[in-house]
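We did not get these values from a lab; they are worked out from the coordinates using the rules stated. Keep in mind the model is a prediction, meaning the values are calculated, not measured. For neighbour counting, all protein chains shown are included, and Cβ atoms are generated from backbone atoms with ideal geometry for every residue, glycine included.
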Amino acid sequence: MNRRDDICGALRRMLPDGCVVDSTESMKAFDSDGLSAYRQVPLAVVLPETVEQIAAVMKYCHEQGVKVVPRGAGTSLSGGALPLADAVLLGLGKFNRILEVDYANRCVVAQPGVTNLAITHAVQADGFYYAPDPSSQIACSVGGNVAENSGGVHCLKYGLTTNNLLGVEIVTIEGEILRFGGKHLDSGDYDLLGVMTGSEGLLGVVSEVTLRILQKPATARALLVGFEDTGDAGKAVGDVIAAGIIPAGMEMMDGLAINAAEDFANAGYPREAAALLIIELDGPEVEVDALIERVEAIVRKAGATSVRVSQSEEERNLFWAGRKSAFPAVGRISPDYLCMDGTIPRRRLPDMMRRMNSLSQQYGLRVANVFHAGDGNLHPLILFDANQPGELERAEEFGADILRSCVEMGGVLTGEHGVGVEKRDLMNIQFTEDDLKQQQRLKCAFDPGHLLNPGKVFPHLHRCAELGRLHVHKGKLPHPDLPRF
Amino acid sequence: MTDIVISDLQQAQDAIQDAVAAKSRLELRAGGTKRHLGRAASYDAVLDVSAFSGIIDYQPEELVLTLRAGTPMEIVEAALAEARQILAFEPPRLSRILGEGAPGASGTIGGVIAANLSGPRRLTAGAARDYLLGFEAVSGRGELFKSGGKVMKNVTGYDLSKLMCGSFGTLGVMDEITLKTLPAPETARSLLVGHDSLIDAVSGIASIFATAHEPGAAAILPQTVAAEEGVDLGMPFTAVIRLEGIEASVADRLGHLLALSGGEPLDADRSAALWQRIRDIQPLAERPHDIWKVSCAPSDAPRVMAALDPGLDVRMIADWAGGLLWIAGTSPHIGTALRAAIAGLGSGFAMLIRDVGATRESIAPFQPLSGPVLELHKRVKASFDPLGVLNYERMHEGM
Ligand SMILES: Cc1cc2nc3c(=O)[nH]c(=O)nc-3n(C[C@H](O)[C@H](O)[C@H](O)COP(=O)(O)OP(=O)(O)OC[C@H]3O[C@@H](n4cnc5c(N)ncnc54)[C@H](O)[C@@H]3O)c2cc1C
């Protein structure tokens, strides 16, 4: 018997029937996530049903030195859930129950495999909702949301997952079940809840979440604003915020994205505009009506060439229909596309647009842009055809250049999609070797054997013993230049 | 004890590397207003970072403020006020109850971050930890490192900013930090609602939060405190609900909530004054009492309070809809009773904030951690500061 058979046999013995998937054919369903250019069949797939079973799997893998890749719904756009040939893929799909709705404390306790939208569905009849709303919300899991610290179009006002998460239960690589946070607001110790959020499955498996829910705003209205010039649109965004207004969402699309979306959704977008803003305000009716007027005046002053204000819920939804279908719409005009996710200081938007145009020419590939403009988070969609030899590589290089530019302009590599395998090798553009070493030391505190989701996020894996070594400057004299009193 | 005064992270590196070589223990200090928070540990020298002061870059329309960690809160608040912005987590001035630091000292932004201090708006807007976007620091290894960034949305690498908030200087010496700012609300007014019991007050607030009238903060004052603050409604408890926003909106929502709850309005000036006192725990400040901070699920507040024997003679105010309790008194048994109550609830913590006698010698100021979580904390601490050079044992024994 080889090692793989041993492992699968052991996993079978600790899990109920049907919880271990190890035929190559059936494992194909798990061989990639949303970054579908990368595929790999794992060693085995396990689909445990209880926390104790997760713990048993982890304990076994830890003892045997077997790697583990956690997986939620597999919608990650950065390859975070990409399997490894020598790792067990731990799927949380069976953890699909909402455990408690607690209106007195305005929170929901759920298993990690519950979809993002299911949280809102569970509480909307009572007027509540869960604020973070990634476009993938019908599919992505709340455990995956925690692991990626996912955002959405409303995070300008309502924050990312990290700002809406009260507690987690996790299973460590040793198989220990720990809780960070709960229904109370502040943790009195190291904020390990905060550290788990956005840790991309490298620190522990999230086995339960406690999410903050909010009362649904009384009303929401949106403006659809066209500009001849992206610079004007960027300025309008800054002007709205400078006027003390934080819209619920403030999204921008460029010409190519506007037209692709319009073809797809017939939302009534101004096809001739170089940039389109969707600005949504939510809250009490009097407030929304007053702010809509203020925002309208601001965008007109900033040079808007067309302004429409939603007069009904249907019209507001129509404004969003184009934006929300931007990805599939772009999918229709190109066989393949890569979705990038850098963030820049908002004022650099015109520079970034110019840079992208010249890169687009240089690489001979088109790029369509949708932005979370309010917070400077870019989603350039690079169009390519994977059947043309070399195009995927060219698209990836184009993407890497965009992300390099983001960092050069004072921004970061990823605003909400995570590093995964996709941006792993770019990490040293944003971080020094010492920055990355400190992050990896934290990893060592949770997983000294590098068994959890290895090969993701960090370009080089250093052994924990090596990372822990202290370089003491032996015999060095105390610094004479420091004043001592 | 020696004072090592440093003015930048280069010097911090030198000083910490010296401490590593000498295996000595340093106490980090900026304003000094919060140095009596936590365990009474002893150190070989003070690392004085009060010179890390000043605003580096402030872009109000980007909602981003980059400054040095030792910047006094007065300076931070003045700069924000000029741009009509705020730190939405509403940092309290604990210097008023701690009475430490230089006279009139407001504390520094670094102290606020290190202690993860948030005020009334934390209930709806998040804590200090939700507003730290990035930082640069020197670890207890004497290495310079940064994390996060200067933009609002960023998931690149682990979120070490969260870890620095509430780490009480045990992980690194921060210099440059970047915070997210928000526009100041145009106006704020409050609503006072009388209740027969704490249970009623907590559930009354919960029902207000189940409306779409967007309450932003909610505190509960027992009658004695309400009377001293001039908001006595003749009931055992008074709930204070704050509404913020543009004038038309606040007036409209206040109208609805008054009709719904039968409360009384509080005008903008009185509302501002009362919330500042609640934020700074002023109603409990004057008497020579120990002060405990309890964070619990809001609906558990009555059970926590019920666990305190009436003979303990405590004063309290509640904030965060009941999720934050400030409890003052002189008995050393208060802490024991609170810890037992929290153990029974299974979530939350009780921390000793002010110690007027020697309470912290007999009971741990930080909520003790369970075995495996404590072990993890120790490993996290060691990953930044393996020899325990920085604020050793300030939070927990052995780390
Ligand atoms: C069409 C489309 C639109 C999208 N729009 C957005 C958007 O608007 N905003 C946004 O932020 N993202 C968006 N995403 C990205 C993606 O949906 C999110 O990152 C999502 O949170 C991933 O959840 P998942 O359950 O699919 O996780 P997976 O893809 O299964 O896993 C993602 C990562 O989390 C880890 N992980 C998953 N579950 C757990 C767990 N229980 N414990 C520990 N680690 C775990 C995995 O190891 C992996 O590293 C989009 C994706 C698609 C395909």
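In chain A, Cα pairs under 8 Å separated by at least six residues give a relative contact order of 13 percent. Strictly greater than 20 Å: what percent of every Cα pair in segment A:17-145 meets that? Value for segment A:17-145 (Cα pairs over 20 Å): 49 percent. For a paramagnetic label modelled on A:ASP385 (point 7 Å from Cα along Cα→Cβ), amide N atoms under 14 Å away belong, within segment A:317-349, to A:333-337. Evaluate E = 1/(1 + (r/R0)^6) for A:ALA139 and A:LEU470, where r is the Cβ-Cβ distance and R0 equals 41 Å; express this FRET efficiency to the nearest 0.05. Computed FRET efficiency for A:ALA139 and A:LEU470: 0.35. A Stokes-Einstein calculation at 37 °C with viscosity 0.692 mPa s, built on the Kirkwood radius of segment A:3-91 over Cα pairs, returns a diffusion coefficient of 254 µm²/s. For segment A:28-98 and segment B:1-62, what is the centre-to-centre distance using only Cα atoms, to the nearest Å? Going from one Cα centre to the other spans 43 Å. Take every pair of alpha-carbon atoms less than 8 Å apart whose residues are at least six positions apart; their mean separation over the length of segment B:139-245 yields a relative contact order of 28 percent.
The A:TYR38 and A:GLU433 beta-carbon pair, evaluated with R₀ = 22 Å, returns a calculated FRET efficiency of approximately 0.25. With Cα atoms as the point set, segment A:98-215 shows a radius of gyration and Dmax of 13.1, 41 Å.
Taking N as the residue count of chain A, its C-alpha radius of gyration divided by 2.2 N^0.38 Å amounts to 1.03. Residue order for A:VAL205, B:VAL193, fewest other beta carbons within 10 angstrom first, comes to B:VAL193, A:VAL205. Between segment B:298-330 and segment A:371-437, the C-alpha centres lie 50 angstrom from each other. For chain B, the relative contact order is 18 percent, taking Cα pairs closer than 8 Å that sit 6 or more residues apart in sequence and dividing their mean separation by the residue count.
Taking the Cα centre of segment A:177-324 as reference, the dipole from Cβ charges on Lys and Arg (+1) and Asp and Glu (-1) amounts to some 200 debye. Per the Kirkwood definition applied to all pairs of different Cα atoms, how many angstroms is the hydrodynamic radius of segment B:283-361? Over segment B:283-361, the inverse of the mean reciprocal pair distance is 12.3 Å. Extending 7 Å from Cα along the Cβ direction at A:GLU313 and again at B:GLU74 yields two label points whose distance is 5.3 nm. For A:LEU214, the shell of other residues with beta-carbons less than 13 Å away shows a net charge of 0, using +1 for Lys and Arg and -1 for Asp and Glu. Taking only Cα atoms, what is the 0 to 90° angle, nearest 10, from helix B:268-279's long axis to the longest principal axis of chain B? So the helix axis and the longest Cα principal axis differ by about 50 degrees.
Once the Kirkwood radius over Cα pairs is known for the protein assembly as shown, the Stokes-Einstein relation at 20 °C and 1.002 mPa s delivers a diffusion coefficient of 76 µm²/s. Distance between the C-alpha centres of segment A:181-254 and segment B:111-167: 17 Å, rounded to the whole angstrom.
Over chain A, DSSP H runs of length four or greater, each weighted -39,500 (n - 2.57), average out per residue to a 222 nm ellipticity of -10500 deg cm²/dmol.
Loop-located trypsin sites (Lys or Arg not before Pro) across segment A:64-158 with a Cβ neighbour count of 16 or fewer within 10 Å are A:LYS94, A:ARG97, with loop assigned by DSSP.
Just tell me, in residue order, which DSSP H segments of chain A are both 27 angstrom or longer along the helix axis (alpha-carbon based) and at least 1.6 in mean Kyte-Doolittle hydropathy. The qualifying helices: there are none. In a reduced charge model with +1 at each Lys and Arg Cβ and -1 at each Asp and Glu Cβ, the protein assembly as shown shows a dipole moment near 1380 debye about its Cα centre. Just checking the listed ones, B:GLY371, B:GLY245, B:GLY99: in the Gaussian network model of chain B with Cα springs under 10 Å, the one fluctuating most is B:GLY371.
Remark on segment B:187-280: Rg and Dmax equal 12.1, 34 Å (Cα only).
Kirkwood analysis of the Cα pair distances in segment A:334-424 returns a hydrodynamic radius of 13.0 Å. In this structure, the amide hydrogen of A:ALA218, modeled 1.01 Å from its nitrogen in the peptide plane, lies closer than 5 angstrom to those of A:GLY283, counting only residues at least 5 positions away or on a different chain. Using the Stokes-Einstein relation with a Kirkwood hydrodynamic radius computed over Cα pairs, the translational diffusion coefficient of segment B:28-139 at 4 °C and a viscosity of 1.567 mPa s comes to 88 µm²/s. 3J(HN,Hα) couplings calculated from phi for segment A:364-380 with the Karplus curve 6.51 cos²θ - 1.76 cosθ + 1.60 (θ = phi - 60°) are, in sequence order, x, 10, 7, 9, 10, 10, 10, 10, 8, 5, x, 10, x, 8, 8, 10, x Hz; Gly and Pro show x.
P(r) for segment A:281-438, from all Cα pairs and a bin width of 5 Å, is 2, 8, 14, 17, 17, 14, 11, 8, 6, 3, 1, 0 %, short bins first. Taking the Cβ of each residue in B:THR224, A:THR162 as the centre, tally the other Cβ atoms inside 10 Å and list the residues starting with the fewest. Ascending number of Cβ neighbours within 10 Å: B:THR224, A:THR162. Quick one: longest stretch of chain B between exposed loop GluC sites (Glu not before Pro), exposed meaning at most 16 other C-beta atoms within 10 Å and loop per DSSP? Here the longest run is B:1-185. Think of it as helices only: each DSSP H run of n ≥ 4 in chain B is worth -39500 (n - 2.57), and spread over all residues that comes to -9000 deg cm²/dmol at 222 nm.
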